[in-house]
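The values are calculated or read from the model by the stated rules, or taken from the named source; none is laboratory data. The structure presented is a predicted model; accordingly, all values stated were derived computationally and were not measured. In this analysis, Cβ positions are derived from the backbone assuming ideal geometry, glycine residues included, and neighbour counts consider all displayed protein chains. When the accessible area is computed, the model is the full protein with side chains, heavy atoms only, and any ligands, DNA or RNA have been set aside. Shrake-Rupley method; radii C 1.70, N 1.55, O 1.52, S 1.80 Å.
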Amino acid sequence: QVQLVESGGGLVQAGGSLRLSCAASGYPFSAYTMSWFRQAPGKEREFVAAVRGSGRIFYADSVKGRFTISRDNVKMMVYLQMSSLKPEDTAVYYCARKRSELGLTAPNDYDSWGQGTQVTVSP
């Protein structure tokens, strides 16, 4: 079955960097768009970045220029390199597999999720 496992979260000071990883298994990885979402306490889950199987990339405006999404179709991995981190980036970060070719930024566009990894950015 589909399995997504995130890792790499932690505590970092503002201005620092972290690299998140997501290991996928159980499906033809290269055929699916993969994305990162995040959810802060008391807030809705929000889109962060996506990478299509073709390699085309999309970012939320709030992370553009600071975060970089990438994928390795051979290793079945998705990565999120986060730099110039801000306290407002603090959230649980989730890896997700997109359901179909329609949509991109809504959680309902996705059918499989990892368990999440906590990222905390201190001032």
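Multiplying the residue separation of residue 100 and residue 115 by 0.36 nm and removing their Cα-Cα distance gives an extension gain of 3.3 nm.
Our summary gives region 30-70 a relative contact order of 32 percent, counting only alpha carbon pairs under 8 angstrom and 6 or more residues apart. 3J(HN,Hα) along region 102-112, derived from phi through the Karplus expression 6.51 cos²θ - 1.76 cosθ + 1.60 where θ = phi - 60°, amounts to 8, x, 7, 9, 8, x, 5, 6, 10, 10, 9 Hz, with x in place of Gly and Pro. Computed from phi, the 3J(HN,Hα) profile of region 31-39 under the Karplus parametrisation 6.51, -1.76, 1.60 (θ = phi - 60°) reads 7, 10, 5, 10, 9, 10, 10, 9, 9 Hz, with x in place of Gly and Pro.
The aspartates and glutamates within cross-link reach of residue 75, meaning a Cα-to-Cα straight distance under 19 Å and a gap of 8 or more places when in the same chain, are 6.
Would you work out the relative contact order for the chain, in percent, from Cα pairs under 8 angstrom that are 6 or more residues apart? Walk me through the numbers before you get to the answer.
Numbers: 300 pairs, mean separation 42.6, N = 123.
In percent, rounded to a whole number, it is 35.
Once the 1.4 Å probe is applied to the protein heavy atoms, the chain comes out at 50 Å² accessible per residue.
Principal axis extents of the C-alpha atoms in region 1-105 (largest first, rounded to whole Å): 37, 26, 25. Between residue 122 and residue 58, the modelled label-to-label distance comes to 3.7 nm, taking each label 7 Å out from Cα in the direction of the beta carbon.
With θ taken as phi - 60° and the Karplus curve 6.51 cos²θ - 1.76 cosθ + 1.60 applied, the whole-hertz 3J(HN,Hα) list for region 8-24 is x, x, x, 9, 9, 7, 3, x, x, 9, 9, 10, 9, 10, 9, 9, 10 Hz, x standing for glycine and proline.
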